[in-house]
Amino acid sequence: MTTEATASSRIPLPRWTTNLRTKEAIAGYIFLSPWLLGIILFIIGPMMTSGFLSFTRYDVVNPPDFVGLKNFIEIFTKDRLFWPSMMLTFRYALIVVPLSLVGALSAAMLLNQALRGTAWFRTFFFLPHLTPIVASAVLWGWIFNADVGPINHWIRTITGSDNAPGWFRDPDWAMTGLIIMAMWGAIGGNTMLIFLAGLQGVPQELYDAAVVDGAGLWAKFRNVTIPMLTPTIFFNMVLGIIGALKVFAAAFVATQGGPAYATWFYALHIYTRAFQYFEMGYASALAWIFFFVLFVFTYVQFRQSRRWVYYAGEVD
Amino acid sequence: MAGEAIASGRKQTESGIHPAGIFQSASFQRAIGRGILYLVAISSSAIFMFPFVWTVLSSLKRGGELFRFPPTWLPEVPQFQNYPKVFEIVSWATWTWNSTFVAIVSTFGAVLTAALVGYSFARFRYPARDVLFIITLSTMMLPVEVTLIPLYLMFAKIGWLDTYRPLIIPSFFGGSAFLIFLMRQFFLSIPIDLDEAARIDGAGYVRIFWQILMPLSIPVTATAAVLTFMSQWNEFLYPFIFLNTKTKYTLAIGIRYFQAVAGFADDTEPKYHLLMAASVMMTAPIIIIFFLAQRYLVQGIVMSGIKG
């Protein structure tokens, strides 16, 4: 991935080569320096600080008080919202990501059919993705309005009964509402565009060969399209899961984590502990646990990917 | 638009199939198949567009009309004055300016420094380069909460709370890992011979960057700028944590504040119709920018996915 020869290797080398090399390295670091500083100031430094804070009690007013593993013990044994919020966050991600992958792939295949007006359809599918999350939470809040919203009106008309979900104000339905909202933004978004490009990259010969072998539509899809798209599926899946696990603004604006903690996502839990209760040490411990879980989960996906992702350019 | 260019790649295959005869079932089935595809495309477009249409229509109604039962589609008399009214009851103009200011300045910083860093990763050899690049990529996975708490404490200590500095200054330090990755990938696709030719003519590193690589990278720079602008415009968590004064709000937190108070009627009616108008006004600039930059943007997004 990162083995590019640079200029000086091809020019006949004079005696002051080492000098040139050093010069190149120095210049490289100079161009890199904004990011190097940024990583130290805004990423690694803060990470170490929050790592340290996670072993303390810190209420912002008094200096941090070192308490060892107490925060972690409390999180795992006493925190009533820790496990539920963790589980709920994963459940959300494990529903939203597969559904939006299937949806995005279907949409991409539809757009790949050379229909007239494809550019228009693509734009219509993509627009929800552009809507700011806050605006989308506000407008879906209105569409899901239990009393006068259009969705419930249709549900009542179709079922003929007065019972319709309470959506964002009903603990049993709030999560479904958020999932629908997320899918609306995700299906036609970047995922779809990346799939579309992936589809165009599948060599036509493979389909022709499959047809010669007597493959129908399904067989072509199953044995040509899917295997050739596995790298794209993997890329979209990893990014999708990371994004879904971090969900915050949508829930915060649409449901405030409620009702009855039904949408109390992990990020909301951290936020509340840190910026409502000002338990900075405790919240840092929560954040580090989250980072660890996310890291392990992503690592496992990369390990697993060797079994099912096929890279056409790779030599076995 | 690019979609047609993309789609046209498949057209040849269509004509390659011989319709064996007009009455033969194969071509008939194909026509039915096409019909179903159009039906699916049109109805799913309608589903995707419905929330927008509903919001725009609601924004043009009188406040009370929103609470009619059963709900009505069209406003009785379109209330275009709802839009100026938003500016009266909340500091909408100020918030729009704040969002624009923060988004433009931080986009400038992020794109410029991401290009420099991408140049460094793509064209220079130095110790630990590949390790640093992998570290860069893995920061994409880091949950913001891990760094947010210490950053908050740090910014509080140096008196940056309730200013735009926490939203803007970090952008001048490389922007984001994603931008750096995007720029690096693009620079790698430019033949190194160009750099060498310039070097032989006596150009230095800065000149090669500025006069050779950057002019060739206008599409990707535009993509990077548009994507950064959009994400800054939409950003919720940072301004929410770091800004307190109402007049300093950006649109994202302003609209949330508006939503929280819209239900409480201080005169005769709740203000949900105005809230809908506000959502439209927050979304419209993003959609306009998308239409202007559409061609570049799609390429850029696709590039980030394909070469990964």
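What to note about this one:
- Within region A:104-117, the residues that satisfy the criterion of being part of a helix (DSSP H, G or I) and surrounded by fewer than 22 Cβ atoms within 10 Å (Cβ to Cβ) are A:Ser106, A:Met109, A:Leu110.
- All conditions in (1) surrounded by fewer than 17 Cβ atoms within 10 Å (Cβ to Cβ); (2) over 26 Å from the mean Cα position of the chain (by Cα); (3) within 30 Å of A:Ala267 (Cα to Cα) hold for A:Gly149, with the sole exception of (1).
- Among the residues here, B:Ser58 qualifies as surrounded by 15 or more Cβ atoms within 10 Å (Cβ to Cβ) and touching a residue at least 40 places away in the same chain (Cβ under 8 Å).
- Search result, residues across region B:183-211 that are out of contact with any Gly (no Cβ under 7 Å at 6 or more places or on another chain), of a type in the set (A, V, I, L, M) and crowded, with 20+ Cβ neighbours inside 10 Å: B:Ile208
- Scanning region B:79-93 for residues being farther than 9 Å from B:Ser59 by Cα and in a loop (DSSP other than H, G, I, E, B) gives a total of 3.
- Of the residues in region A:291-310, at least one is at the interface with chain B (Cβ under 10 Å from one of its Cβ atoms), among the aliphatic types (A, V, I, L, M) and either in contact (Cβ under 8 Å) with a residue 12 or more places away in the chain or buried (at least 23 other Cβ atoms within 10 Å of the Cβ) (or both).
- If the condition is being basic (Lys, Arg), modelled with pLDDT under 85 and part of a helix (DSSP H, G or I), then region A:1-40 contributes only A:Arg21.
- Within region A:254-274, the set of residues being crowded, with 24+ Cβ neighbours inside 10 Å, over 14 Å from B:Val146 (Cα atoms) and facing another protein chain (nearest Cβ under 10 Å) comprises just one member, A:Ala254.
- Options A:Ala114, A:Ala104, A:Ala108: the member that is in the same structural domain as A:Gly243 (by TED's automatic domain parsing), without any contact (Cβ under 8 Å) to a residue 40 or more places away in the chain and over 20 Å from B:Val146 (Cβ atoms): A:Ala114
- Here A:Pro231, A:Pro259 are screened, and the one residue that is over 27 Å from A:Met175 (Cβ atoms) and not aliphatic (A, V, I, L, M) is A:Pro231.
Each row is one residue, and each column tells you yes or no for (1) surrounded by fewer than 16 Cβ atoms within 10 Å (Cβ to Cβ); (2) facing another protein chain (nearest Cβ under 7 Å); (3) more than 27 Å from the chain's Cα centre (by Cα).
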| residue | (1), (2), (3) |
| --- | --- |
| A:Thr22 | yes, no, yes |
| A:Met48 | yes, no, no |
| A:Asn71 | no, no, yes |
| A:Trp83 | yes, no, no |
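- Answer residue from region B:50-85, given it is within 30 Å of the chain's Cα centre (by Cα) and basic (Lys, Arg) and is nearest to the other protein chains (Cβ to nearest Cβ) among those: B:Lys61
- Residues of region B:35-49 classified as surrounded by fewer than 18 Cβ atoms within 10 Å (Cβ to Cβ), among the hydrophobic types (A, V, I, L, M, F, W, C), under 29 Å from the mean Cα position of the chain (by Cα) and more than 14 Å from B:Val280 (Cα to Cα), total: 4
- One residue alone among A:Ile75, A:Ile95 is in contact (Cβ under 8 Å) with a residue 24 or more places away in the chain, assigned to a helix (DSSP H, G or I) and within 28 Å of A:Ile187 (Cβ to Cβ), and that residue is A:Ile95.
- Check on A:Thr191, within 12 Å of another protein chain (Cβ to nearest Cβ) and polar (S, T, N, Q): yes
The values are calculated or read from the model by the stated rules, or taken from the named source; none is laboratory data. This one's a predicted model, so the numbers in the text were calculated from it and none came from an experiment. In this analysis, Cβ positions are derived from the backbone assuming ideal geometry, glycine residues included, and neighbour counts consider all displayed protein chains.
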